[in-house]
1. For region 32-157, place one equal point scatterer on every Cα, skip the solvent, and apply the Debye formula. What is log10 of I(q)/I(0) at q = 0.10, 0.18, 0.20 Å⁻¹?
2. On full extension of the chain, what length is gained from residue 240 through residue 92, given 0.36 nm per residue of separation minus the C-alpha to C-alpha distance?
3. Quick one: which residues, 5+ away or cross-chain, put their amide H under 5 Å from the amide H of residue 107? H built at 1.01 Å from N.
4. Please give the peptides 138-150, 56-68, 77-89 ranked by average Cβ packing (other Cβ atoms within 10 Å per residue), highest first, as a rough proxy for protection.
Amino acid sequence: MQRSRVSSRFAVPAALALGLLLGAAGTAAAHVEVESPSAQALAVDAEVAFSAEGESSTAGIADVKVVLPTGLAPADVTLVKAPDGWTLTPTADGYAVAGPALAPGAAADWTVKVRQLPDAASLVFKTLVDYSDGHTDRWIELPQGDTKPEHPAPTLALRPAAPGATPLAAAGASASASASTSASASASASVSASASAPAAPTAVPTVAVADAPKDGEDGTGTTAVVLGSIAGVAVLAALIVLALRRRKSPSA
């Protein structure tokens, strides 16, 4: 009887300790995973799948922010699959997937397509998981020696690049080249148009013109006066000549 009491006395603390241990193990087990069937350096159009486990029993995951590793740009990533209503938005250093909050405890699973994986041995995707109650889980820690981090960042190991694989040209470079080509074409078209356009007519100097007759005047009166004056002078000159001749004549 006494042995039974002693056993029961230690049974409760042991159960509590086991519960705490299991709870701690459950918390540590929850994390963000990443995997890809195309996990190879320089792989093109590689699909990379992520899964963020829901750790809260009272709030659901509302969005996830991912920091891209060196060699990947936000423009290189497009969304393939995500929870209903979720969309991908590029950020300054990566991307975010967000939408209606999931049910408490539900995992957020999404897949993205990467234009080309970098030439590296592994890729680290630091991730922030935001819950509907404002809480954030930060899966951003890296291993330090033999110490395993409590909140490890999801890491994708890559196989060596295939023989002959080469890096693709940056997406921005092709866009810039296209814009430059368009600009050159526009400039050429403008020059051609200017060369083929007829020359502007040379300005002709204006010559002052005498004032036109006023309203109601046709210029006839002025002409008549001038002609009359000329005729009068001619008659006067003829009379003077005739008088001089008579004065010189003996019969006169």
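1. Log10 I(q)/I(0), no solvent term: -0.30, -0.95, -1.14.
2. Values: separation 148, 0.36 × 148 = 53.28 nm, distance 11.47 nm.
Between residue 240 and residue 92, full extension yields 41.8 nm more.
3. 54
4. Details: 138-150: 11.2, 56-68: 18.5, 77-89: 14.4.
Sorting 138-150, 56-68, 77-89 by mean packing, highest first, produces 56-68, 77-89, 138-150.
Values in this text are rule-based calculations from the coordinates and carry no lab data. These numbers come from a predicted model, not from an experiment. No Cβ is skipped: glycine too gets one built from the backbone with ideal geometry, and neighbour counts run over all protein chains shown.
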